[in-house]
1. With n ≥ 4 as the cut-off for DSSP H runs, can you work out [θ] at 222 nm for the chain, using -39500 (n - 2.57) per run divided by the number of residues, rounded to the nearest 500?
2. Of G252, W233, A277, which is farthest along the charge dipole of segment 228-278 in the positive direction, counting Lys and Arg as +1 and Asp and Glu as -1 at C-beta?
3. Show me the ranking of peptides 398-409, 319-330 by mean Cβ neighbours inside 10 Å, starting with the highest.
4. Dipole magnitude of segment 111-169 about its Cα centre, charges +1 at Lys/Arg Cβ and -1 at Asp/Glu Cβ only, in debye to the nearest 20?
5. Positive end of the dipole of the chain, charges at C-beta (+1 Lys, Arg; -1 Asp, Glu), about the Cα centre: which of I54, V425, M370 has its Cα farthest in that direction?
6. Shape of segment 51-197 from its Cα gyration tensor (a ≥ b ≥ c, root eigenvalues): rounded if a/c is under 1.5, otherwise prolate when a/b > b/c, or oblate?
7. Can you give the relative contact order of segment 399-558 as a percent, counting alpha carbon pairs under 8 Å and 6+ residues apart?
8. How far is helix 519-538 tilted off the main Cα axis of the chain, in degrees rounded to 10, range 0 to 90?
Amino acid sequence: MQRFATRIRTAIASATGIDAAELRLERPRDASLGDFAFPCFVLAKQLKAAPPAIAADLADKLNAELGSDPSDRIEAIATGPYLNFKVDGARLAEAVLFGATTAGADYGRTDEGGGKNIVIDMSSPNIAKPMHVGHLRSTILGAALYRMHELLGYRPVSINHIGDWGSQFGKLVAAIDRWGGEYDIQADPIPALLALYVRFHDEAEAEPALEEEARAAFRELESGVDGQVRATWRQLTELSLAEFNKTYERLGVEFDLVRGEAWYEDKLQSTLERIEATGVTEESDGARIVDLTSIRKKMAPCLLKKTDGTTLYATRDMAALFSRWDEFAFERCLYVVGSDQKLHFEQLKGVLKRMQLDWEPRVEHVAFGMMRLPGGKLSTRAGKVVFLSDVLDRAVEEAAAVIADKNPDLAASDHGAEIAEQVGVGAIVFNDLKRERIKDVVFQWDEVLSFEGETGPYVQYSHARLCSILRKAEASGEAPGQSGAAPDWSAVDDARGLILTLGRYPDTIRTAAADAEPSHLTQYLLGLCREVNSWYANSRVLGEAPGTTAARLALVDAARVVVRNGLAMLGVAAPTEM
Ligand code: ARG
């Protein structure tokens, strides 16, 4: 596709004298009009003519040039103010289908990112609390953005900004001091710590002294003294991380850097000084704040230091931001964090703006909606928590049941359990990325796991089916490379729309990365699978004339590659049978 676009842009450039890099091609509103469209409005000023006249004039000029090679013809058609282009069907099929299969896993890879750093703050659960479904969304979204940027030639850096600091650790330490002996923290740390945390809040209501103990403990922690409090905190951190890692492993997610809030501890003072130095801080009731009402009327100030001298979530995030900028000079710094923290990120950006740092726009809050399970919202305080590992387990269980029903032989085979894991986890991941990220995700088990409709299993199943066609071709000796027949591209004339869709995969990745919106890709994959399945329902692939079979198998193979690659970008496995 890229090749055709480049040829078209070069031709327009030489006919008009405008730099090819400035020419944008669009997708015609109606696919029957052509494969690319060039809006002539943009030339009206320079050429001092009406767009339709420009289109007509250019069509004549360009057809002479683009039609010169009859085997590689691109036809230019003026349609009102638009100039549409239609690529020769055989060349299109050959370029797109062989382009995808030859590139394989690298289809869509470019170096346009120029190795620039993209920092992705993702997952970031809190120590001593269960990783909840919000962290799951952050992990899944962040990992997809990571892979897409990597494909585009950027250097992504994932950072797990673990919540391992803050006044809640004072509370936990106080709770462990009092009642630690009653819980088996080692055996199953997260539920035990969660219970202690809930108990602290229950009992603190009746006994305010508890709050004071907690504050004292956190003060000691922040003072840097390496005593009992710090030892307990360190133990909490290690136990929690070990638990989180189990989930990351299941999702196939790794981090370049695991830097909890505590990592920035020795950078807090210099961070405060850096902000102070620009003269934007002020005293308010004994606390240090940055007033942000000049950014937006009524916006709450950013609180950097409390009256008692302790720092806050925002202080540590400011330290992290400066540290990241100093270390990576990032092109983008993406915070994949729930939309409930909108204000927090506005405040961080507000401080940067007040400091007049020109890299402020590179800091982006990639906000997402809630994930809700039937039964409502989830909260740690009330102890009403759905454990993430339970969600994954349940999905895998249900997937196993679906597979046993649809394909009992497979379910009973050696890799039945593995495929159930891939389908179950894949269903959750896909469901999470399916809609615009800002929307809430609601869970309906039967919906999420269905092999039909807009689901991960549907896409996985479509992929498995393409694999099965290729396996049958191998068995009948018709596979590409076996039959030796040259493809007769006219046999895929009716699949032009599908071929164009396959050709648009690289652009889909590009916009998904630019918008930090993996749903562009999930929606693309759903559409692609619908198209390929309906084409297949009407076209016989195997047992046709060798040239016909070769062309159609090339289409099947390219579709297989694109679906597999797309799923891989999302972090969803693509089993070859289901
Ligand atoms: N630990 C926080 C939470 O669970 C999320 C942290 C997001 N990242 C950040 N740099 N603030 O709510």
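The values are calculated or read from the model by the stated rules, or taken from the named source; none is laboratory data. Values in this document were obtained by computation on a predicted structure and should not be read as measured data. Neighbour counts are summed over all protein chains in view; Cβ atoms, including those assigned to glycine, are modelled from backbone coordinates with ideal geometry. Side chains are part of the model used for accessible areas, which takes the heavy atoms of the whole protein and leaves out ligands, DNA and RNA. Shrake-Rupley method; radii C 1.70, N 1.55, O 1.52, S 1.80 Å.
1. -17000 deg cm²/dmol
2. Sorting the options by dipole projection puts first W233.
3. Going from most to least packed, we get 319-330, 398-409.
4. Numbers: 5 positive and 5 negative charges, 32 e Å.
Value, rounded to 20: 160 debye.
5. So the residue furthest toward the plus end is I54.
6. In terms of gyration-tensor shape, prolate.
7. 26
8. Approximately 40 degrees, to the nearest ten.
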